[in-house]
Amino acid sequence: MHRYKFILYRPLQFLPVIFGVSLITFILVRLIPGDPARVLLGARSTPAAIANIRAQYGLDEPLWLQYFYFLKNLANGEMGKSILYKIDVLKLIATRIEPTITLIVCSVFLSILIAIPLAAIAARNRGGIPDHAVRLISTMGIGFPPFWLALMLIILFSVKLGIVPVSGYGENFGDKLAHLILPCLTIALCLSSVLTRSLRASMVVELQSDLATAARARGMPESIVFWRHVLPNSLVPAVNLLAVNIGWLIGGTVVVETVFAIPGMGQLLVRAIFSRDYMVVQGVAMVFACGTVLVNFLADILTVTIDPRVKL
Amino acid sequence: MSTGHAFSAKIGWSRWLGQRLTLVAGMAILGLFIFMAIAAPMIAPYDPIAQNGDLRLVPPSFLHPFGTDNFGRDILSRIIWGARIDLQIAFIGVAFPFLIGTVLGTISGYFGGIIDTVFMRLIDIILAFPFLVLMLSIIAILGPGLLSFYIAMALVGWVSYARLIRTQMLVLKNSDYAVAAVSLGFSNARIMFRHLLPNAIAGSVVFSMSDAVLVLLNGAAISYLGLGVQPPLAEWGVMVAEGQSFISTAWWITLFPGLSIVVLAFGFSLFGDGLGEVLGVRE
């Protein structure tokens, strides 16, 4: 259990990062031009009404005091009210977080399912035709714009074949799943090309390692050498790659949710930016940033679990 | 003897080319797009912006190989002109983060201490944000447009370069020639930028090519969302967005601009991989 000691003190290192994140979101959001009170009131905006709204949301206080309130509320688990939706930002995010998390988890899972076999075929036939084919495809796949790939998949599977819904999000579980197939496939295809490249590279190294040679010398069949020794060891860099790419993944979901009109946090963020809904932009950015930190933490734990040699 | 010598040189050249196939292929693709961008007025068959009501949504044909859009504009011509904007996005979007990150990373790694700690914490915080989220917020502040995109890229993108260079600097500053340069009384600036940086930069140059792919995809995505290049300008991401309403009837409006992004990105990736092989840099 000694190896897991970092779980206790690592979160302390996150505190300055989270603090910095809160400061940056706060400053960024306050720099967005346009008066949210005016946006809220629209045509009904009179100077008195604007002053009233500004007082109600604390927008008339000095900036440093607003930040202090922001931190104080954050400590109490409050992120203010959405000006547009008129409900608590955290409650609003709670209603939108499920599609986003489902989308990310399913996409990662699917991309692993795609990447492991491809990388394995390439690495075990190093220099051969399958290797070149996989490398070519994965190199090309890195350059696929997710928004365009999404539209191409819609053309193929929804318009031509008509087997999955075009956009939106379902009510019950099965319906939701049907709506998530294309979005997940979009992200998974983009992600798996990065993942395949990394997995292939580490598998090539691991296949030539002393460990694999020793296993072969003991008369172990090549397939067992691969699945028992090579694969687990080559998963470590892949796990870290996924953790590093979580930011990219979240960016991908923002775009993909917009293309497929999925009511998740990404779509919420884009709309909030267009409508200058300060509190929502702030809340979503905070949640995304904390999620990134959390995922990196989980990746550390996973790395230690997979590979007993790693010490953090 | 002389023929034999020439023969072996010939073998050497073709073997060199064979080993550098990725580099050559990447250069060819990038060269093609650069040519398209420079020669756009000469090679584009039609005006990229002028609308033509008689030619709405024409499928790919001999006269319009990639078809026309809902305003009757030739897609091929728009893609050729679009190369100007998208190449510009990739180059400028990489150049500023590269410069800023290299300078800050050099200083941070060379001096260490409090400067290094401050930069590293700042990098941690910026990396905690999903890239696109931070970029969208900055663009929301500055207003839509390419200039905002470049500023956002410069503010956010430097961190990767700074990290790469810093790691190299930490190793190189203890090397013999660095110590020799110090004992010769050279200034810090001279040691950092004349002696150490040239040895540290190869990894960043290779990385800048994969970064160019990301920048290109981000720029196109931002334009697709309506926050970057504004219509009627022909940019590939904008073109994809314009074709979205017609995907069930006129697929060619979205297909070809997206393919252009894929091929250009492929060129950058190949060039980067090939450069990595030549410079002996492993990613």
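The values are calculated or read from the model by the stated rules, or taken from the named source; none is laboratory data. Computed from a predicted structure; not experimentally measured. When we count neighbours, we look across all protein chains shown, and the Cβ atoms used for this are built from the backbone with ideal geometry, even at glycine. Note: areas computed on protein heavy atoms with side chains; ligands, DNA, RNA excluded. Shrake-Rupley method; radii C 1.70, N 1.55, O 1.52, S 1.80 Å.
Give me the angle, in degrees from 0 to 90, between the Cα long axis of helix A:173-207 and the longest principal axis of the Cα atoms of chain A, rounded to the nearest 10.
50 degrees
Spelling out what I want: for every residue of the stretch B:31-38, take phi, set θ = phi - 60°, compute 6.51 cos²θ - 1.76 cosθ + 1.60 (Karplus), and round to whole Hz; glycine and proline get x.
Values, residue by residue: x, 4, 5, 5, 4, 4, 5, 5 Hz.
Relative to the compact globular guide of 2.2 N^0.38 Å, what is the alpha carbon radius of gyration of chain B, as a ratio? Mind dumping the intermediate values first?
On the way: Rg = 23.1 Å, N = 283, 2.2 N^0.38 = 18.8 Å.
So the Cα radius of gyration is 1.23 times the expected 2.2 N^0.38 Å.
Can you give me the long-range amide H partners of residue A:81? Hydrogens built in the peptide plane at 1.01 Å from N, cutoff under 5 Å, separation of 5 or more residues or another chain.
Amide H neighbours of residue A:81: A:89.
Sort all Cα-Cα distances of chain A into consecutive 10 angstrom bins from zero, then give the percent of pairs in each bin up to the one containing the longest distance.
5, 21, 25, 23, 15, 7, 2, 1, 0
If R0 is 56 Å, what FRET efficiency do you get for residue B:174 and residue B:259 from their C-beta distance, rounded to 0.05?
Numbers: r = 49 Å, r/R0 = 0.87.
Efficiency, from the Cβ-Cβ distance: 0.70.
What's the carbon and sulfur percent of chain B's accessible surface, probe 1.4 angstrom, rounded to a whole number?
Values: 8870 of 12740 Å².
Whole-percent figure for carbon plus sulfur exposure: 70.
Pick from A:167, A:22, A:45: which is most flexible by mean-square fluctuation in a GNM of chain A where alpha carbon atoms under 10 Å apart are linked?
It is A:45.
Tell me, what is the per residue accessible area of chain A in Å², probe radius 1.4 Å?
Details: 14770 Å² over 312 residues.
Per residue, chain A has an accessible area of 47 Å².
Give me a comma-separated list of calculated 3J(HN,Hα) values for the stretch B:61-68, in order, Karplus coefficients 6.51, -1.76, 1.60 applied at θ = phi - 60°, integers in Hz, x for any Gly or Pro.
Once rounded to whole Hz, the list reads 8, 5, 6, 10, x, 9, x, 10.
If I model a spin label at residue B:38 and residue A:66 as a point 7 Å from the Cα along the Cα→Cβ vector, what separation in nanometres do I get?
It is 5.0 nm.
Could you give the spread of the C-alpha atoms of the stretch A:255-312 along their three principal axes, from largest to smallest, in whole angstroms?
50, 25, 12
Leaving out ligands, DNA and RNA, calculate the buried accessible area for the pair A and B with a 1.4 Å probe, summed over both sides, in Å² to the nearest 100. Please list the in-between numbers first.
Working: alone 16530 and 14550 Å², together 27510 Å².
The A and B chains share an interface burying roughly 3600 Å².
Between residue A:76 and residue A:173, what FRET efficiency follows from the Cβ-Cβ distance if R0 is 35 Å, with the result rounded to 0.05? It would help to have the intermediate numbers written out before the result.
Numbers: r = 34 Å, r/R0 = 0.97.
Plugging the Cβ-Cβ distance into 1/(1 + (r/R0)^6) gives 0.55.
Once every DSSP H run of n ≥ 4 in chain B is given -39500 (n - 2.57) and the sum is divided by its residues, what mean residue ellipticity at 222 nm do you get, rounded to the nearest 500 deg cm²/dmol? Display every interim value, and only then the final one.
Values: 12 runs with 203 residues, N = 283.
Computed ellipticity for chain B at 222 nm equals -24000 deg cm²/dmol.
Give the Debye-formula value of log10 I(q)/I(0) at each listed q (0.06, 0.07 Å⁻¹), with one equal scatterer per alpha carbon of the protein assembly as shown, two decimals each.
Log-scaled intensity ratios, in q order: -0.36, -0.49.
Averaging over all projection directions, find the projected area of the Cα convex hull of the stretch B:47-102 and quote it in nm² with one decimal place. Intermediate results must be reported in sequence, preceding the final value.
Working: hull surface 18.2 nm².
Answer in nm², one decimal: 4.5.
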